[in-house]
Structures are given as C-alpha cells and as structure tokens.
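Chemist: My questions all concern the structure below.
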Amino acid sequence: MDFRIAEAKLGDLQKIATPIAYEELVVFSVNKRFKVAGYRSLQPYSIGYLLGSRIFEEKLKGMSVDTAPNLESLFNKLQAGRTDIAVDSRASFCRARKLGLTKVTILEPSLEKLLANHWVSRRHAALIPRLEAVLKKMKQDGAIKKIQEGAWKDFTAQCGA
C-alpha cells in the first residue's frame with residue numbers, strides 16, 4: 001500500500017477512491033497583500049518556487065518566476081525582496097518560522113487543495129473493496145478529518161507556527 005498525491009496512473013498501482021489526506025498550496029508574502037483568486041491572480045508579481053516542482057512549472061507558465069534549490073533559499077529570497085511572493089505547501093511555513101523569518105505570512109485563501117489517496121499494488125487488488133469500505137465509513141463518521149486535524153495541530157505546535 002502507498003500514499004500519494006497524484007492523478008495519473010502509477011505503474012501497477014491502483015488508486016483507492018476515498019482521499020485520506022490533503023495538502024494545501026499557498027502563497028507566501030512579506031509585503032504584498034491581496035486576496036488570492038487562483039493562479040492568474042499571481043500574474044502581476046515575481047513568483048518564487050522550488051526548482052523541480054512540476055505543478056508550479058505548469059501552473060505558472062508564462063509568468064515571472066524565479067526558482068530556488070531549497071526552502072531556505074526560497075524564503076530568504078522572499079524576505080530579501082528578490083521575489084514578490086513565493087508558492088509552496090502550507091506546511092512549508094514551519095521552515096520559515098524555524099529560519100526566524102517572522103515577516104513571512106500566508107495569503108488566503110489557498111491556491112489549491114490536493115487530495116491524497118492510498119494506492120495498492122495490483123497483486124493486492126482483492127483488498128481494495130474492503131479498504132474502500134473502511135475509508136468511506138471513516139470519512140462519513142469524520143475520523144479521517146479528525147486524524148488530519150490532529151496531525152496538523154501536532155505539526156504546527158512543534159514548529160511554532
């Protein structure tokens with residue numbers, strides 16, 4: 001069994017339909033303030049993102065972009081004014097805080113929410129109906145949401161965000 005954020009078929013893996021987690025992609029800023037309204041709302045700004053982030057390469061095509069090799073560089077460029085904004089996952093905010101970059105903020109709402117699903121090898125395909133039934137029940141009774149919220153709370157507590 002595997003856990004991924006992906007839509008395309010992955011080798012011999014089969015996707016379990018019920019999502020089990022999510023990741024939010026957000027805009028980070030130091031001194032720009034605007035309501036995020038999708039990727040097109042970023043057009044007027046110079047945008048930093050991590051080198052190799054295919055989702056951003058595609059979504060920001062044709063915009064003024066500047067890649068960084070790692071999160072430290074991404075946030076330092078933002079703090080120094082070398083980019084107007086930066087984009088990455090909401091969880092990356094923890095790295096900015098650990099670097100002591102207190103001027104970095106998150107603009108709302110998030111750009112995108114990516115759903116994550118379990119993936120099962122074809123040789124274990126017989127498990128899929130039972131896994132799907134359990135995950136559907138967990139979604140209906142709020143267990144998945146409760147687990148995600150608890151994990152996020154623990155994560156943010158350890159990073160001081």
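Chemist: Just check the chain against the gyration tensor rule for me: Cα atoms, a ≥ b ≥ c as the square roots of the eigenvalues, rounded for a/c under 1.5, and otherwise prolate or oblate depending on whether a/b exceeds b/c. Spell out each step's value before the answer.
Modeler: Numbers: a/c = 2.43, a/b = 1.78, b/c = 1.36.
Prolate shape, in that a/c is at least 1.5 and a/b is the bigger ratio.
Chemist: Sticking with this one: Simple spin-label model, 7 Å along Cα-to-Cβ: Glu58 to Asn31 in nm?
Modeler: Here the answer is 3.5 nm between the modelled labels.
Chemist: Right, something else. Out of residues 5 or more away from Val36 or on other chains, whose amide H comes under 5 Å of its own, with H placed 1.01 Å from N in the peptide plane?
Modeler: Here Glu108 satisfy the definition.
Chemist: Further question: Cβ under 10 Å from Gly38's Cβ, Gly38 left aside: what net charge do those residues give with Lys, Arg +1 and Asp, Glu -1?
Modeler: +1
Chemist: If you don't mind, there's one more thing I want to ask. Let me have the relative contact order for the chain, percent, based on Cα pairs under 8 Å that are six or more residues apart.
Modeler: 40 percent
Chemist: To continue, here is another question. Quick one: which of 49-57, 89-97 comes out on top by average Cβ neighbours within 10 Å, and what's the full order, highest first?
Modeler: In decreasing order of mean packing, 49-57, 89-97 become 89-97, 49-57.
Chemist: Treating only the Cβ atoms of Lys and Arg (+1) and Asp and Glu (-1) as charged, compute the dipole magnitude of the chain about its Cα centre; round to the nearest 20 debye.
Modeler: Approximately 220 debye in magnitude.
No value in this document is a laboratory result; all are computed from the given coordinates. The shown structure was predicted, so the numbers you read here are calculated from the model rather than taken from an experiment. With ideal geometry, Cβ positions are generated from the backbone for all residues, glycine too; neighbour counts draw on all protein chains shown.
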